[in-house]
Each structure stands twice: as structure tokens, then as C-alpha cells.
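> Dropping a structure here in C-alpha cells format, bear with me for questions.
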Amino acid sequence: MSDPTTARGAIALVADEFTELPFDEGPLTGDGPIGWPGYSAAHARAAARTGETESVVCGTGSVGGVRAVLISFEFRFLGGSLGERTGARAAAAHALARERRLPVVVLPATGGSRMHEGMRALLQLQVLARESELTRAAGLPQIAVLRDPTTGGGWATLGAGSDVVLALPGAQVAFAGSRVRPPDADPAAYTAEAQLAHGHVDAIVPPDALRAVLGRWLSLLTRPAEGPVAPPYALGDPGAAPAASGREAVARARHPDRPRAGAYLDAHFTLREEISGDRCGGVDPGTRCGFGRLPDGRTVAYAAQCGTATRPAGFRTAARLVRLAGRLDIPVLTLVDTPGAANDAEAERSGAGSAIADLFAAVAGARTPVTSLLVGEGGSGGALALAAPGNSWTTPDAYFSVIAPEAAAAILKRPPEEAGATADRLRLRPEDLVELGIVRGVVGPRPASAEDVRDGA
């Protein structure tokens, strides 16, 4: 296996082949832009030691059959630091990506800005941020694979600024490098694993799986389906009669054996990769977001509630997913299933209201079509925030309500035993939702194919 600690080793780890971009800056003279004593000699020693002429190697390569621009950092070259030449090379790589309509893969291993160039080095963060934003505006995906270490401006621009952030196990990932942290800092807080736990990294990928995972991501993000997509087929009992009452509809939606979002995702997609976290410090395990491949080979983005009260991080992650799909021209499928938004004190401290508002705004302003399927409980605004206006559907074993019947009874100052009667009055059954114009229809089971009939299905 290739050595991921070097720039070219990291490229060889993920790419089937690679064509390097030529840069002919010539040897560094005059000790650089601020005349740092001995800088030219240190630069020359780094070049002799590594065989590179700068701290970054750029070019194009094939990853899993998808052509991409690759930007890989060489940590042995002055700590993989960002200088003016580094910024110029990364800018040229991004410009090439926009010219050829290619995704960008960044493989950072950097200690941050180069001290030998002072503020001229720090300004490269603005250069990199602008290039990343121009590539984002062009509708091209950017994926980062964080190596050890990824700190400082490299993490805060090309790393954290990417659409999807993967990391190698045990990589040091932080804005603060090891030499500038508080003396009592917990080292575990500055790892890829900690960043994953707090919503800043999408997945930790071992080196031997990286090529396959990265190839899947590139394939998914560059082959959008045409939208709007049709809702999935219902997975419940195809012979079940419609719920006779509101309380029966609620009971069906809450039944422990009722198909959940995971079953729908497995049945609908042949391949999936998921994003994780809201990029604000939170992860909600009850909200799954990512990109899936349809049987025809095209990609749909999905955001799925998994039956638990949705936390602020879940709403923010879903909003992040909808906006990313819009930039990449990928249609969106949402699966609605929550008793409502989490309402504990921690949820309020984490900004439940603003998170729900942001998801409402993301769905309302979506740049690609959104299709929604209610697969279980539809509790209040926490469910409605993920529902597509004018293109929502429901399964037979679901309900949608202004609020859960028990909460509605409490608000109306009725005893708990009247929750069932309240459910009946709320007109929350699938058939009621169609009649009221809340959803477009009730989806049925997948029609049996000729092959199914031959197999006795």
C-alpha cells in the first residue's frame, strides 16, 4: 500500500493514474517576500530532502473512474506550510477544475501558514477561500481527505471548507497546531475522531478503504438524477385496510415493527454514502443525510428522520444537505418520521428555533426539486420543516398532525385519556391528508414484476 504520509504517496493511495501540473517558479531567491534570513537556504534543503519544489503537488487523476483535480500536501516540505507559491499552485488547480468541469480532491497535511513569509503567507488563506468559493459557485464538488496533521489555515480553508470531509484514522485535525495550544489542552480534542464526534468531519476512512470510498463519493456527486424524483414505494403491509380512526393511524405509525427510514433507504438505493454533522458542533443520530444511487445509476440526495425527536443538529445537517444538493444540481428526497422537534433544555440552548427556521428556508429556497415521503410520525413543525411544499406523499402507516395528540390534548386543557379522541378530531390519517390537500397521495407497494411472478413473489 502507498505511503499516505507523503504527497505523492497519498495521491497513489487514491488515484489510478496521475498527471502533474507543471510549475516552473525557479529557485527561491532573496530570502522570500519579507527577507527572512536563511529562508532561501531552508527552502532549498526542503526541496533536496523531499524531491519536491514546493509543499503542494497538483494535477489531474482518475479516482474510481472519475476524473478529478488533486491537490496533495507534502508535510516534509517545511511542514506542508502555506506560502505564496503554495497558494498560486492551489489556485491554478482550482482554475483548471473550473475550466474542465472536474471535481476537486484535496489531500491536506499541513501545519498552517509559513512563518518565513509573514503576512504574505497568511493572505493565502483568502486566496484559497476565494478559489474554493469560485469552484463551489461553479457547481463542482470538493472533497477533502484529512491526513496527519491538518491544522491551521489548511484546515480552515481547503479542509473544513470542502463539501465532504473524510479523514484518516488518528489524524491530528485542528485549527490550533500542537505548538500553540494551551498547555493543559486535552490532546484527544484535536483529532479526526473528535471532529467527527462534534459534526465537523463526515467519516473516518482507513487507508486501505480510501480509494473505494473516495471513488464512490466522486461517482455519486457527479451523476445527478433528473428531478423531481418519484417517492419510494410503501414497505408496510400491502393488504392492510386504511386506518379507521385517527387514534388507529397514530398507533400504526408508532408500532415498533413499522418500516423505518433505514429500510426505505436500503430498498430505494443500490449504493449510499452519508454526510455527518451540522458543522456547528453537533451530530443527531436520528437524522441521516447523504447521497444514494438509483437503479439507473443516477444520484439522489436524501435527508431522513429515523423516528426520534429531531435535534437542532439534525435540522442543520438536513439544511446543509439540501443546499449542497442544490449547488451540485442533485434532486432531493426527504423521509419524514419524527414525533416532533426535541424540546429539552439542551435543544433550546442549541438553537432549536433557529435550526428549524434554517431548514424551512433551505427547503423553501431549494435550487433542485424536493420530493418528500411521510413514512411514520409527522409531528408538528419538526416534521413539516423537512416536507416539500406541494410535493409530499405519505405511506399508509403514517400520520401528520399540527402536534402530537397527547400534546394537543394538554394544550386544550383536556385530560390525558382524551388524547385518542383528540387524534380522531385532528384529521391526521393518510386519507384525511390527501383530502385536505396536505399530501399528493398515498403511495402503494412496489408492483410485482414479471420476474417476481415467475419466482412466486
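> Under the condition of being in contact with a Ser or Thr (Cβ under 6 Å, 6 or more places away or on another chain) and hydrophobic (A, V, I, L, M, F, W, C), which residue from region 402-418 is farthest from P339 (Cα to Cα)?
Applying the filter and picking the extreme gives A409.
> So which residues in region 13-51 are of a type in the set (A, V, I, L, M) and either without any contact (Cβ under 8 Å) to a residue 60 or more places away in the chain or not in a helix (DSSP H, G or I) (or both)?
A15, L21, L28, I34, A41, A44, A46, A47, A48, listed by residue number.
> Within region 149-158, can one find any residue that is closer than 16 Å to G79 by Cα, surrounded by fewer than 22 Cβ atoms within 10 Å (Cβ to Cβ), touching a residue at least 24 places away in the same chain (Cβ under 8 Å) and among the polar types (S, T, N, Q)?
The answer is no; no qualifying residue exists.
> Same structure again: Check region 394-411 and report whether any residue there is surrounded by fewer than 18 Cβ atoms within 10 Å (Cβ to Cβ), in a helix (DSSP H, G or I) and in contact (Cβ under 8 Å) with a residue 24 or more places away in the chain.
For region 394-411, residues surrounded by fewer than 18 Cβ atoms within 10 Å (Cβ to Cβ), in a helix (DSSP H, G or I) and in contact (Cβ under 8 Å) with a residue 24 or more places away in the chain: absent.
> Just checking, does region 373-382 include any residue being more than 19 Å from A301 (Cβ to Cβ) and among the acidic types (D, E)?
The answer is yes, given that some residue of region 373-382 is more than 19 Å from A301 (Cβ to Cβ) and among the acidic types (D, E).
> On to the next question. If I filter region 128-142 down to residues being aliphatic (A, V, I, L, M) and surrounded by 23 or more Cβ atoms within 10 Å (Cβ to Cβ), which single residue comes out as nearest to D202 (Cα to Cα)? Before the answer, list the steps.
Going residue by residue through region 128-142, those that are aliphatic (A, V, I, L, M) are 128-129, 134, 137-138, 140.
Checking which are surrounded by 23 or more Cβ atoms within 10 Å (Cβ to Cβ) leaves us with 128, 140.
Numbers: L128: 21, L140: 18 Å.
Looking at the filtered set, the residue picked out is L140.
> Name the residue, out of S178, S162, that is hydroxyl-bearing (S, T, Y), more than 19 Å from the chain's Cα centre (by Cα) and assigned by TED's automatic domain parsing to the domain that holds L125.
Just a single option satisfies the conditions, and that option is S178.
> Another question, if that's okay. Identify, please: which residue in region 412-426 is without any contact (Cβ under 8 Å) to a residue 60 or more places away in the chain and assigned to a loop (DSSP other than H, G, I, E, B) and is, among those, surrounded by the fewest Cβ atoms within 10 Å (Cβ to Cβ)?
Of everything passing the filter in region 412-426, K413 is surrounded by the fewest Cβ atoms within 10 Å (Cβ to Cβ).
> Hey, among G314, G381, G307, which residue is at positive phi, of a type outside the set (S, T, N, Q) and either in contact with a strand residue (DSSP E or B) (Cβ under 7 Å, 6 or more places away or on another chain) or modelled with pLDDT of 95 or more (or both)?
G307
> For the condition surrounded by fewer than 21 Cβ atoms within 10 Å (Cβ to Cβ), over 33 Å from the mean Cα position of the chain (by Cα) and either closer than 30 Å to P103 by Cβ or not hydrophobic (A, V, I, L, M, F, W, C) (or both), what is the one hit in S40, S62? Don't jump to the end; show me each part of the working.
On the way: S62 fails: over 33 Å from the mean Cα position of the chain (by Cα).
Of S40, S62, the one residue that is surrounded by fewer than 21 Cβ atoms within 10 Å (Cβ to Cβ), over 33 Å from the mean Cα position of the chain (by Cα) and either closer than 30 Å to P103 by Cβ or not hydrophobic (A, V, I, L, M, F, W, C) (or both) is S40.
> Within region 329-346, can you find the residues that are touching a helix residue (DSSP H, G or I) at 6+ places or on another chain (Cβ under 6 Å) and surrounded by fewer than 24 Cβ atoms within 10 Å (Cβ to Cβ)?
Once the filter is applied, which keeps residues that are touching a helix residue (DSSP H, G or I) at 6+ places or on another chain (Cβ under 6 Å) and surrounded by fewer than 24 Cβ atoms within 10 Å (Cβ to Cβ), region 329-346 yields G340, A341.
> A further question on this structure: Would it be correct to say that G51 is in contact with a Leu (Cβ under 7 Å, 6 or more places away or on another chain), surrounded by fewer than 23 Cβ atoms within 10 Å (Cβ to Cβ) and closer than 27 Å to L168 by Cα?
The answer is no for G51.
> May I ask you to verify whether T368 is surrounded by 24 or more Cβ atoms within 10 Å (Cβ to Cβ) and not aliphatic (A, V, I, L, M)?
no
> Can you spot a residue in region 204-223 that is touching an Asp or Glu at 6+ places or on another chain (Cβ under 7 Å), in contact (Cβ under 8 Å) with a residue 60 or more places away in the chain, at negative phi and not aliphatic (A, V, I, L, M)?
Scanning region 204-223, I find at least one residue that is touching an Asp or Glu at 6+ places or on another chain (Cβ under 7 Å), in contact (Cβ under 8 Å) with a residue 60 or more places away in the chain, at negative phi and not aliphatic (A, V, I, L, M), so the answer is yes.
> Then there is this: Go through region 73-90 and give me each residue that's of a type outside the set (G, A, S) and either under 17 Å from T150 (Cβ atoms) or in contact with a Cys (Cβ under 7 Å, 6 or more places away or on another chain) (or both). Don't jump to the end; show me each part of the working.
Kept after step one, since they are of a type outside the set (G, A, S), are these residues of region 73-90: 73-78, 82, 84-86, 89.
F73, E74, F75, R76, F77, L78, L82, T86, R89, listed by residue number.
> May I pose another question? Could you identify the single residue in L28, L13, L21 that is in the same structural domain as M115 (by TED's automatic domain parsing) and closer than 23 Å to P149 by Cα?
Exactly one residue qualifies, and that residue is L13.
The values are calculated or read from the model by the stated rules, or taken from the named source; none is laboratory data. For clarity, every value in this text was computed on a predicted model and none was experimentally measured. Methodologically, a virtual Cβ is constructed for each residue, glycine included, from the backbone with ideal geometry; neighbour enumeration extends over all protein chains shown.
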